[in-house]
Amino acid sequence: MKIKIIKDSTVTETEITVKCAAVDENLKRLLGELEHNNAKLTGRIDDKTFLISAEMIYYIESVDEKTFIYSQNKVYETDYKLYQTEQLLPQSDFVRISKNCILNISKLTSVKPLLNGKMEVHMNNGEVQIVNRHYLKDFKSKFGL
């Protein structure tokens, strides 16, 4: 694969053109990542609504039929269902770790296996989450274990 970047000061919007013989799975994955790169969700704190970019999100959790987006030091409530956020966010960075939680892998500092087959993950904001056994295989694959 060749990548060519052409700088042009007259360009007002970045454009990406892909030339290929055929669209294979790797190309589909790459295009999907490009499309999700600017993913933003909306969330509320009190009566204010905020745009939250994917890179700001540490994890998303569903509790009592409500969905919450956690950033470094804020918690937003959102109208999205957990499965909807999973579809909107870049799959290379986000992974489901339990029935009610999706985690941003780029925010992890360390992982620790637990005796019960689960895994403890430490995030760079000091929070700790548990990866359920059912989701461990996918988590290990995305984390590179």
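Values for this structure:
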quantity	calculated
Among (1) charged (D, E, K, R); (2) more than 15 Å from the chain's Cα centre (by Cα); (3) over 27 Å from GLY117 (Cβ atoms) - the single one LYS99 does not satisfy	(3)
Selection count where residues are exposed (fewer than 13 other Cβ atoms within 10 Å of the Cβ) and under 16 Å from the mean Cα position of the chain (by Cα), scope the stretch 102-129	2
From LYS48, LYS99, LYS28, residue being closer than 26 Å to LYS140 by Cα and either without any contact (Cβ under 8 Å) to a residue 24 or more places away in the chain or in contact with a strand residue (DSSP E or B) (Cβ under 6 Å, 6 or more places away or on another chain) (or both)	LYS28
Candidate set from the stretch 29-64 (those that are under 19 Å from ILE16 (Cβ atoms) and aliphatic (A, V, I, L, M)); member that is modelled with the lowest pLDDT	LEU34
Test: GLU120 is under 30 Å from ILE16 (Cα atoms), modelled with pLDDT under 95 and in contact with a Pro (Cβ under 9 Å, 6 or more places away or on another chain)	no
Pairs with Cβ under 8 Å, 6+ apart, first in the stretch 125-145 and more than 12 Å from ILE97 (Cβ to Cβ), second surrounded by 13 or more Cβ atoms within 10 Å (Cβ to Cβ) and of a type in the set (Val, Ile, Thr)	LEU145/VAL111
Some residue of the stretch 11-33 being among the small types (Gly, Ala, Ser) and either within 15 Å of the chain's Cα centre (by Cα) or under 30 Å from HIS122 (Cα atoms) (or both)	yes
Hits in the stretch 84-97 (condition: buried (at least 20 other Cβ atoms within 10 Å of the Cβ) and among the polar types (S, T, N, Q))	THR85
Single unsatisfied condition, ASN73 versus (1) farther than 23 Å from ASN125 by Cβ; (2) more than 15 Å from the chain's Cα centre (by Cα)	(1)
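The values are calculated or read from the model by the stated rules, or taken from the named source; none is laboratory data. None of the values given here were measured: they were computed from a predicted structure. Cβ: placed from backbone, ideal geometry, glycine included. Neighbour counts: every protein chain shown.
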